[in-house]
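To keep things clear, I will list the structure first and then write my remarks on it.
Coordinate-derived values only; no laboratory data. Note that this is a predicted model, so its numbers are computed, not measured. With ideal geometry, Cβ positions are generated from the backbone for all residues, glycine too; neighbour counts draw on all protein chains shown.
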Ligand SMILES: Cc1ncc(COP(=O)(O)O)c(C=O)c1O
């Protein structure tokens, strides 16, 4: 740590290994992982299909650059298009870069027409580069980094009239997370996303879904837009996209590619062969049976937490979709819950000082949920937050 920039609040684990739903530290202590690398390791740690795909790829080549064709990139793009909507795929290395391309696309498509503004939302998170930071609707990420990139307007999440008010002849796109993740696990209302799409069609705006956190089964459908029955024009993906290795993906809907020609964009490592092999194995593994299981586990988790909310009035709200779940407290005790769970061998995360977030892998079962919920009850009991206390 001595020579590492201290930008992360570290939980005190030095990792020795990880397998399935568990992480072991160097002292041999085992932790149940309910954060899965912040929604990355959806199939658990080191799933055999991914290990095999990476090993096979390692035996062939690691990096050759995008000057040459990688067969798995073609296969990944074909499968992703088949599972989303017709269009073209660009591979990058991270969520930030996937969004960066979406933002650059909006500018390129509106070139010469002075149409470049993007409506984003309060509480959103889209990345840490200057463009994605500027698109992020949380002041705490902006502080210290001004001047930001111009061209972003912020509407209120789940409030369609606030979006309408911001539309001007300069507006080119709307950028939204179907379920806000870093902002505190806020699912969009069904009608909100539907109305957004209608508004975008009416005003000829691009609807961009940032599914970097919600993609790859997290919300109980392969992509959240499918659960909401609202198809965006542009889809940005990362986190689980690379099956545990760095990969960002931007899907531009049919016809949009005309704005990009040779030299418009690029990346040395984007879609590197190891990440693509791992990601392709992951994408192939998320089938209907797995999605059904995610929904069943998510429902069970939500129901167990709701019972807890009845016992502990300090819980303000339980919300989420599939296995992306947040617990909001009336007090800033989420950090305490993380520390308590850690002592009990469970890894969870606080995305706000009063919001606890669960992003487990899809290989957990009901007994793991029971354990996590009972330890949370233990924490709230210890804090004397129960009914009548
Ligand atoms: C919705 C969303 N968009 C973008 C990002 C940025 O992704 P990355 O950290 O891979 O750059 C994140 C990361 O948490 C995210 O949750």
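What FRET efficiency would be calculated for the residue pair residue 1, residue 198, taking the C-beta separation as r and a Förster radius of 41 Å, to the nearest 0.05?
0.25
Name all residues of region 332-358 having a backbone nitrogen under 19 Å from the label point set 7 Å from the Cα of residue 140 along its Cα→Cβ direction, giving them as ranges. Those under the cut-off are 332-340, 348-358. Global size of the chain: 21.0, 68 Å for Rg and Dmax (C-alpha atoms, Rg to one decimal, Dmax whole). Fewest neighbouring Cβ atoms within 10 Å first, the residues 115, 231, 60 line up as 60, 231, 115.
Considering only 69, 261, 84, the Gaussian network model of the chain with Cα springs below 10 Å gives its largest mean-square fluctuation to 261. Spatially, region 105-167 and region 252-283 are offset by 23 Å when compared through their Cα centroids.
Highest GNM mean-square fluctuation, the chain, Cα pairs closer than 10 Å: which of 242, 266, 220? Among 242, 266, 220, the largest mean-square fluctuation in the Gaussian network model of the chain belongs to 266. For the options 91, 206, 312, a Gaussian network treatment of the chain with springs between C-alpha atoms closer than 10 Å singles out 312 as fluctuating the most. Mean sequence separation of contacting Cα pairs (under 8 Å, at least six apart), scaled by the length of the chain, corresponds to a relative contact order of 21 percent. What distance in nm separates the simple spin-label points at residue 303 and residue 27, each placed 7 Å from Cα in the Cβ direction? Here the answer is 3.8 nm between the modelled labels. Compared with the alpha-carbon gap, the fully stretched path from residue 166 to residue 284 is longer by 38.4 nm at 0.36 nm per residue. What whole-number distance in Å separates the alpha-carbon centres of region 32-94 and region 313-389? Taking the Cα centre of region 313-389 as reference, the centre of region 32-94 is 31 Å away.
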